[in-house]
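Take a look at the structure below.
The values are calculated or read from the model by the stated rules, or taken from the named source; none is laboratory data. Remember, it's a predicted structure, so these values are computed and weren't measured experimentally. Cβ placement follows ideal geometry from the backbone for every residue including glycine, while neighbour counts extend to all protein chains displayed. Note: areas computed on protein heavy atoms with side chains; ligands, DNA, RNA excluded. Shrake-Rupley method; radii C 1.70, N 1.55, O 1.52, S 1.80 Å.
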Amino acid sequence: MSTGAVGRAYPRLEGREKVTGTARYAVEYPVDGVTYGWAVPSAVVRGRITRVDTAEALASPGVLAVLHHGNAPRLAPGPQPEVWLLQEPAVHYRGQFVAVVVATSLEAAREGARLVRIDYDTGPHSTVLTDDHPGLYRPDHVNPSYPTDTAEGDFDAGYAAAPVRVDATYRTPAYHNNPMEPHATTAHWRDGRLLVHDSTQGASQVRATLAELFEVPPESIRVVAEHVGGGFGSKGYAKAPVVLAALAARHVDRPVRLALTRQQLFGPVGYRTPIIQRIRLAADADGRLTAICHDAISQTSTIREFAEQTAVYTRSMYAAPHRRTTHRLVRLDVPTPFWMRAPGECPGAYALESAMDELATAVGTDPVELRIRNDAQVDPDQGRPFTSRNLVACLREGAQRFGWADRDPTPRARRDGRWLIGTGVAGSSYPARARPSSATATARPDGSFLVRINATDIGTGARTAMWQVAADALGVPPERVEIRIGDSDLPTAAVAGGSMGTASWSWAVIRAGQALREKLRDLPGGTSAGEVTVEVSTDDEVGGQPTLPRYAYGAQFVEVRVDADTGEVRLNRMLGVFAAGRIVNPTTARSQLIGGMTMGLSMALHEEGLLDERYGDWVNHDLATYHITVCPDVESIEAYWLDEQDDELNPAGVKGIGEIGIVGAAAAVANAVHHATGVRIRELPIRLDKLVGLSALA
Ligand code: MOS
């Protein structure tokens, strides 16, 4: 029976600690005898280390050790070659960490790193993605396990026969995750046991990777991630710092702290791959789609295949009898790309939702109406009805709130002084999934309860959400519940990724709460003199869930103004309406949604990893030169959601909201820029020079 904690706007449980600076992050725990590690990146793109001269570094005051492939403890090779570090002389990409200096102070470690001399033999490299790269190939599948290509009907025939066609190619650059807290670790070996405080989205997963690499039982490793300053996907697996710190700590037999610098985040911990996408749409005169084709080209590294599922969005979004999607990859001498908020869906939706806007222009139909006309209640990919799909409701509610009805569809029709004003819309969707997790619930004699689960709060409010869910599951006011998360010693749980955290963890928390109540009911008098604990796992229940098309949906609305003289694009307002199942906490949910939307704005107008082929590295690798959207760029942003009940999801009825906010946002911005100016920029970011260069706006 619900006491009604779920659905209420509680502030974050750890909010006070965070704003007063007492919440501890990975390298902020006081540790006796701690030392400092500084990672040394390779200075070449592809090659082999021929000599490491550590004499000068070791002679520098405070330096305790220099680890490199010649002297570092051995690691077992695993499925993540990016973290099999300091094991071989080979260099696979520029920025690969090839040494670590350990010293008694951070400054001494940094100075030591400057003094390490490394010689390399180098070979030619290829680091730039092109659509005619000789290395293009077809991977076996795309992430996480989707078919590489799909085809229904006869696209070529359907496309050729249609009266209206759009054929457009969209390009997006590399995007770099920039969590406030960098990837950072404190590691300590004691009596064969390893304790690490790591900035990660999944302490259980980091523990598993470390156990594999160091060939020790997982029980001898504890990974703590109590507070995490953002991740966006980049901290979804164990990354270099935790491995380097653990290696260094074993080597010097002292605790080691290692945090990457802001510059070192650009590449070695993963980034969103640059992507080239060609979309072809065909429709009848009313804009009803008859054929859709989405071809995506992205990159991976030479050491591991990472296949962004870019075109997967298109498989389920809009209906058409003739459909085709393909993915091709190129192995380049670059760091392996990795997850960044809504990998696949985010870039894929940018292309498809832009092309839908182009189609609306081509048939002279309103772009909201065009999407409504092409809605599908049966998943075109799986051929089964969606468990719930409220895209149309989001579009209608968004249009009404935004004031879309009186929009003049003519591009460049609105002007206010030197500003050209335009509005744009895009659809949005993201899969609603869950992974097995486990949890314990304890009843204490004083009437309070303790719920333990290794969930991770990467700044999302997950701790608070789980506390609310636990209270309702236990049928008590939340004030009587204590929640413990962020520690691999707690019951193993799913990673905070794929917008699956709340669905996965709440499933286990609800089952634990139910099991505890049953157990208490069975006790004589319904009470116990001591503590009563139950432990549950959702392995079987989640594993046995039928495969159904489960998705969250949204509609993104944007108004921009474009300076007719300079081409500068400014955001007037951004409004999103989402249908994402049950919303656990309106405060933290809103923050997730507007955070995603802001990141989409950033993608559309600001972010761009610029790689210099001569050096095989990104030249703008800091926040001065890699631009991101900041507060003054967001003049007005609003997120709303529909009440949505879907009983085929999970016990909490949630769909996940971490990623859907970014999906479609960049397309809505680009569509608004086109509406304002009449100029279609198909290569993000939309910088002023691209607008001015293409057309005399004034
Ligand atoms: Mo998200 S990119 O799945 O952490």
Exercise for the section: Tell me, please, whether a residue that is at pLDDT 95 or above, assigned to a loop (DSSP other than H, G, I, E, B) and under 22 Å from the mean Cα position of the chain (by Cα) can be found in segment 315-326. Expected result: no
Completion exercise
Quick count over segment 424-457, residues being in contact with a Lys or Arg (Cβ under 6 Å, 6 or more places away or on another chain) and either within 25 Å of ALA639 (Cα to Cα) or open to solvent by 60 Å² or more (accessible area, probe 1.4 Å) (or both), is 4
Fill in the blank from the handout: Within segment 53-111, the residues that are open to solvent by 30 Å² or more (accessible area, probe 1.4 Å), of a type in the set (A, V, I, L, M, F, W, C), out of contact with any helix residue (DSSP H, G or I) (no Cβ under 7 Å at 6 or more places or on another chain) and closer than 13 Å to VAL256 by Cβ are LEU106
Handout entry: Spans of strands (runs of 3 or more DSSP E) in segment 5-123 with at least 2 residues among the hydrophobic types (A, V, I, L, M, F, W, C)
Key = 35-41, 47-53, 63-68, 97-103
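Matching residues to (1) modelled with pLDDT of 95 or more; (2) more than 16 Å from the ligand (Cβ to nearest atom); (3) among the charged types (D, E, K, R); (4) within 15 Å of LEU13 (Cβ to Cβ):
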{"position": "GLY461", "(1), (2), (3), (4)": "yes, no, no, yes"}
{"position": "ALA473", "(1), (2), (3), (4)": "yes, yes, no, no"}
{"position": "ILE483", "(1), (2), (3), (4)": "yes, yes, no, yes"}
{"position": "THR492", "(1), (2), (3), (4)": "yes, yes, no, no"}
{"position": "ALA496", "(1), (2), (3), (4)": "yes, no, no, no"}
{"position": "ILE510", "(1), (2), (3), (4)": "yes, yes, no, no"}
{"position": "LEU516", "(1), (2), (3), (4)": "yes, yes, no, no"}
{"position": "GLY530", "(1), (2), (3), (4)": "no, yes, no, no"}
Exercise for the section: Give me a count of the residues in segment 622-656 that are more than 16 Å from the ligand (Cβ to nearest atom) and either closer than 23 Å to GLY348 by Cα or part of a strand (DSSP E or B) (or both). Expected result: 9
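Let's see how each residue does on (1) open to solvent by less than 60 Å² (accessible area, probe 1.4 Å); (2) polar (S, T, N, Q); (3) at pLDDT below 95; (4) within 16 Å of the ligand (Cβ to nearest atom):
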residue: LEU605; (1), (2), (3), (4): yes, no, no, no
residue: GLY609; (1), (2), (3), (4): yes, no, no, no
residue: ASN620; (1), (2), (3), (4): yes, yes, no, no
residue: GLY658; (1), (2), (3), (4): yes, no, no, yes
residue: ALA665; (1), (2), (3), (4): yes, no, no, yes
Fill in the blank from the handout: Looking across segment 366-380 at residues that are open to solvent by 50 Å² or more (accessible area, probe 1.4 Å) and in a helix (DSSP H, G or I), the single one that is nearest to TYR313 (Cα to Cα) is ARG373
Practice task
Might you let me know whether segment 274-282 holds any residue that is open to solvent by less than 10 Å² (accessible area, probe 1.4 Å), of a type in the set (S, T, N, Q), modelled with pLDDT of 95 or more and more than 16 Å from the ligand (Cβ to nearest atom)?
Solution key: yes
Practice task
Go over the candidates ARG341, ARG323 one by one and state the one that is touching a residue at least 12 places away in the same chain (Cβ under 8 Å), of a type outside the set (S, T, N, Q), within 16 Å of the ligand (Cβ to nearest atom) and open to solvent by 10 Å² or more (accessible area, probe 1.4 Å).
Solution key: ARG341
